[in-house]
Amino acid sequence: MALLQIAEPGQSPQPHQRRLAVGIDLGTTNSLVAALRSGVTAPLADGDGEVILPSAVRYHSDHVEVGRAAKAAAASDPLNTIVSVKRLMGRGVGDVKQLGGQLPYRFSEGQSQMPFIETVQGARSPVAVSAEILRALRERAEAVLGGELVGAVITVPAYFDDAQRQATKDAARLANLNVLRLLNEPTAAAVAYGLDREAEGVVAIYDLGGGTFDISILRLTKGVFEVLATGGDTALGGDDFDHAIAGWILAKAGASQDLDPGTQREVLKIACDAKEQLSETDTVEVRYADWQGILTRPTFNELIEPMIARSLKSCRRALRDSSIELDEVQAVVMVGGSTRVPRVRERVGEMFGREPLTDIDPDQVVAIGAAIQAETLAGNNRDGEELLLLDVIPLSLGLETMGGLMEKIIPRNTTIPVARAQEFTTYKDGQTAMMIHVLQGERELIVDCRSLARFELRGIPPMVAGAAKIRVTFQVDADGLLSVSARELASGVESSIQVKPSYGLTDGEIARMLEDSFHKANEDKTARALREQLVDAQRLLEAVEGALAVDGVRLLDQEEREAIESQVRELRELLDSQDGVAIERQVKRLSQITDAFAARRLDSTVKAALAGRRLNDIED
């Protein structure tokens, strides 16, 4: 029953009270917090008037430093100064090792597979480092707004997987922040763009930040933001531009590429400064040690062209997924500091055939969109304006079935929140338990997909194979986080799991999964058909061999038994082959030759059941 708050006419309680909520763009290079103030949604500045907080954390023996001062110490104190920590969120130790020399830290492994960074204050996880950034933004917001926050909408790359999203929520919890919603960065940008311009139609959001790239195709219709498709790369961004320039500098200077952490940070700082200057000029003078040279914009463009090409490949894939033609895209919105690079804007404009929109500050638009959504979720009145955000999941979710096959339950680009259920059954007679293996990916075989979690359903009543009905339900919430439950319908026994993997996808793994799913579709189809034939063959063999052991001598003469046994041997020999057609043919042959045997067994069973009973007894 709903309760009404009652007040005297004309005396509404606390008429001007608002629930304080903010939007946070937790970026690889920079972070921002924004809120609605005096009817305008804008980033909140610190005491020095700066709205951008560099995503850098420095650990001292007795305190922690966040922001500009920490970033300035990256070269002088590289082991205790953590930058670009977003690239480590939700990743495992093995993933970090693949990044190699890009990370000048000392790593250790804890009880989970999460990497820890050794600092003067001890080992710190990427979650804990991110929490320091979020804590600084929360404190800034509460100081500016003059009160305690009820919550925040925090943005994440659209291509963040379940582990990376969970790591972000964990960091917010450590920072004492209530997460109202995890919002995909391109969707947040579309909110800011759409409301600012009252836009309608199909919009592409090209989001290239410091460490991640996202492309989202959205349809905007009267306050409804529907994500048609999303794509990207969780390991592509401006940091890679810096590393490309740094490699060029070291090669020109004839210096070793194997650098100590301090020198590596120094070279990357020089590279980043050169990159930023080349957005305004055609040439820049570069100095490193005793060497000096000139880096031109054409040379820089050549260095970063492979990375831009990777991003455009994701754009084409997203368009294909959304069934949208290039000429249907009415606007391309540029988001993220790396879209300031002129060559990026040129190549995006060439592909979409239109000038990208850059008039909204690419560094601020995500935080502004998140703040607009935070106002709605906090329950504050926005003059009757309602927003409906229809986001999608980036990769299909499913589970393992017999034969090592991936059964997709929720296809990629399905709008969230979503719940889907599918019924499965047991494989063997008397089976009382089932292992549920949850997977993410686009391929047909589980070896080509990513394992998310495993859990068991126990207490299934013993029945013949195929009689039990197990309903498996997948639920993805508005933050993109997954929970899975399994229930045996006859007995009601149930088991469930909140999928919280301890690490995320390896570099480029999501993009590679999609790429493989396209190029290997025919190969996967053939492999799946073979696995299915092998499962059918194995089930038939077990049934026939079991029947022969029980009733072979009683119901078959020697010639019939030898004929069936011969066909059984032939099918067994084919199981090691890769010839699905031959296996299917032999399964049919064995089924046909055992039909009469199966009929005799059924007849024998019925006669045994009716023995000694009268017709009247049966009718009663």
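Taking +1 at the Cβ of each Lys and Arg and -1 at the Cβ of each Asp and Glu, which of 293, 281, 251 sits farthest along the dipole of region 227-341 towards its positive end, judged by Cα position relative to the Cα centre? Comparing the listed Cα positions along the dipole, 251 ranks first. Given (i) 92, 72, 64; (ii) 77, 56, 43; (iii) 98, 81, 55, which label gives Cα extents along the principal axes in Å as computed from the coordinates? Recomputing Cα extents along the principal axes in Å here gives the entry labelled (iii).
Would you kindly give the portion of the calculated P(r) for region 301-378 that falls above 15 Å, as a percent of all Cα pairs? Above the 15 Å cut-off, region 301-378 has 63 percent of its Cα pairs. Model label sites at residue 558 and residue 273, defined 7 Å from Cα along the beta-carbon direction, differ in position by 9.7 nm. Relative contact order, whole percent, for region 327-441 stands at 19, derived from Cα pairs under 8 Å and 6 or more residues apart.
Per residue, the chain exposes 46 Å² of accessible surface when a 1.4 Å probe is rolled over the protein heavy atoms with every protein chain present.
The mean sequence separation of alpha-carbon pairs under 8 Å and at least six residues apart, normalised by the residue count of the chain, gives a relative contact order of 13 percent. Calculate the FRET efficiency for residue 582 and residue 350 from the Cβ-Cβ distance with a Förster distance of 51 Å, rounded to the nearest 0.05. For R0 = 51 Å, the calculated efficiency reads 0.50. Pairs from the list 71/169; 408/428; 408/588; 469/607; 86/269; 169/222 with a Cα-Cα gap above 26 Å: 408/588; 469/607; 169/222. Here the accessible area of the chain is 47 percent carbon and sulfur, with a 1.4 angstrom probe and all protein chains present. Within region 434-504, the trypsin sites (Lys or Arg not before Pro) that combine a DSSP coil assignment with at most 16 other C-beta atoms in a 10 angstrom radius are 469.
For the chain, the longest principal axis of the Cα atoms and the long axis of helix 261-277 meet at an angle of about 70 degrees. Semi-axes of the equivalent ellipsoid of region 200-345 are 36, 14, 12 Å, computed as sqrt(5λ) over the eigenvalues of the C-alpha gyration tensor in descending order. Rg/Rh for region 398-476 (Cα atoms only, Rh after Kirkwood) is 0.99. Computed about the Cα centre, the dipole magnitude for the chain is approximately 740 debye when only Lys and Arg (+1) and Asp and Glu (-1) carry charge, each at its Cβ.
For the pair region 124-163 / region 305-343, the C-alpha centres are spaced 28 Å from each other. Taking the longest Cα principal axis of the chain as reference, the axis of helix 521-555 is set at about 30 degrees. Between the helical axis of 297-322 and the longest alpha-carbon principal axis of the chain there is an angle of about 40 degrees. Sorting the segments 172-183, 77-88 by their residues' average number of neighbouring beta-carbon atoms within 10 angstrom, most packed first, yields 77-88, 172-183.
Among 221, 177, 209, whose Cα sits farthest toward the positive end of the charge dipole of region 171-239 (+1 at Cβ of Lys/Arg, -1 at Cβ of Asp/Glu, about the Cα centre)? Towards the positive end, the residue furthest out is 177.
The values are calculated or read from the model by the stated rules, or taken from the named source; none is laboratory data. On a predicted model such as this, the values are computed, not experimentally measured, just so you know. Virtual Cβ from ideal backbone geometry, glycine too; neighbours counted across all protein chains shown. The accessibility values were calculated without ligands, DNA or RNA, using every heavy atom of the protein model including side chains. Shrake-Rupley method; radii C 1.70, N 1.55, O 1.52, S 1.80 Å.
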